[in-house]
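No lab work stands behind these numbers, since they all come straight from the coordinates. Since the model is a prediction, treat every value here as computed from it, not as a measurement. Cβ placement follows ideal geometry from the backbone for every residue including glycine, while neighbour counts extend to all protein chains displayed.
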Amino acid sequence: MVLGTWVCLQASAQFTYGTTGLLHAPTADMQRDKTVMLGGGYLNSHATPSHWYYNTWNYYINITFFPWLEVGYTCTLHSAESLGMDKYGYSGFTNQDRSFHGRLRLWKEGWWKPWTPQIVLGVNDFTTGAGEDYTNMAVKGDGNGYLNRYYLVATKHVEFYGKWGIHAAYVYNKRDKDKLNGPTFGVDYQFALPETSTLNKLVNGINLIAEYDSKCFNIGGKYSIWKDHINIVGELYDCKYPSVGVYFKIHLK
């Protein structure tokens, strides 16, 4: 019961996509029922699809309608120069790419046996934009749907000198650029010190993350403030390129 409660309350946001996950690799963690997440961040160009050859920003809203269903809406900013609008006197960030995301829990952790993992089916950026063919669900081509991927992911949590999440997934698309076809895996670790001092309580807010996202290895972490309502997250993409974000959680139930 204690582990199950922790799994619900401490699921991290994947600020690069605006959904629950690690840094770029997905997880089968789910937020608590009726959780709203609002966030955004600074994204290094290496951490984004190749369409963004420059550093950018994003912001998102994410809602867990039921303990088994999560949907999100993310906007990633375009520069005027990348859209050819600089010739008309525009500069800086003048437009945004809009993307929708969904996650469906197929199997809850421990349903059959204590060792069985949680399983989630997910999709990111599954529409191709106005004026294009919506039937391919952005899975191929080079139009809108830059963040597109489909995935099946399993997650298992264990307690061993702290709280560990172990995650493995397969991600898929057939896009001309930023093709994502292959396995991902990752781990996250949260301290679980006895909360007998202020220092221990502060340390327990740290969540460390390491992952392979089907292309490269990334490291980062999250720090939770005020009972997981305010969270700061950062990463080094390919262990070199920094991005950082912040997100807020509101529990409506």
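Please rank L77, L23, fewest neighbouring Cβ atoms within 10 Å first, as an exposure proxy. Display every interim value, and only then the final one.
On the way: L77 19, L23 27.
Going from least to most buried by this count: L77, L23.
Using the Karplus equation 6.51 cos²θ - 1.76 cosθ + 1.60 (θ = phi - 60°), what ³J(HN,Hα) coupling, rounded to whole Hz, does each residue of segment 92-106 give in order, writing x for Gly and Pro?
Karplus values, whole Hz, x for Gly and Pro: x, 7, 10, 8, 8, 8, 9, 9, 10, 9, x, 9, 10, 7, 8.
Suppose every Lys and Arg Cβ carries +1 and every Asp and Glu Cβ carries -1, with no other charges. What dipole size does segment 2-251 come out with about its Cα centre, to the nearest 20 debye? Before the final figure, lay out each step's value.
Working: 22 positive and 21 negative charges, 97 e Å.
My answer is approximately 460 debye.
Setting aside same-chain residues fewer than 8 positions from K222, which lysines have a Cα under 26 Å from its Cα?
K34, K108, K156, K163, K201, K240, K249, K253
Give a residue-ordered list of calculated ³J(HN,Hα) values for segment 35-51 (Karplus: 6.51 cos²θ - 1.76 cosθ + 1.60, θ = phi - 60°; whole Hz; x for Gly, Pro).
9, 10, 10, 10, x, x, x, 9, 10, 5, 4, 5, 8, 10, x, 5, 4
Once the dipole of segment 128-253 is set up with Lys and Arg at +1 and Asp and Glu at -1 on Cβ about the Cα centre, which of I209, T155, I232 lies farthest towards its positive end?
So the residue furthest toward the plus end is T155.
Fewest Cβ neighbours within 10 Å first, please rank S82, S50 accordingly. Don't skip to the answer; put the middle values down first.
On the way: S82 17, S50 11.
So the residues, fewest neighbours to most, are S50, S82.
Near K179, which aspartates and glutamates are there with a Cα under 13 Å away, not counting those fewer than 8 places off in the same chain?
D142, D213
Give me the aspartates and glutamates in straight-line cross-link reach of K140: C-alpha distance below 15 Å, same-chain residues under 8 apart excluded.
Partners found: D125, E132, D176, D178.
Jot down the per residue volume, in cubic angstrom and as a whole number, of the convex hull over the alpha-carbon atoms of segment 134-253. Please report the intermediate quantities before stating the final value.
Numbers: hull volume 18.8 nm³, N = 120.
It comes to 157 Å³ per residue, whole-number rounded.
Across segment 58-70, in residue order, what do the Karplus-derived ³J(HN,Hα) couplings come to in whole Hz, using 6.51 cos²θ - 1.76 cosθ + 1.60 with θ = phi - 60° and x for Gly and Pro?
Couplings: 9, 8, 7, 10, 9, 10, 9, 5, 9, x, 10, 9, 10 Hz.
Listing L208, L43 from the residue with the fewest other Cβ atoms within 10 Å to the one with the most, what is the order?
Starting with the residue having the fewest Cβ neighbours, the order is L208, L43.
Counting each DSSP H run of 4 or more residues in the chain as -39500 (n - 2.57), what helix-only mean residue ellipticity at 222 nm follows after dividing by all residues, to the nearest 500 deg cm²/dmol? Numbers along the way, then the final one.
On the way: 2 runs with 14 residues, N = 253.
It comes out at -1500 deg cm²/dmol, rounded to the nearest 500.
If the only charges are +1 at each Lys and Arg Cβ and -1 at each Asp and Glu Cβ, what is the size of the charge dipole of segment 99-228 around the Cα centre, to the nearest 20 debye? Write down the numbers at each step before the final one.
Working: 16 positive and 13 negative charges, 57 e Å.
Approximately 280 debye in magnitude.
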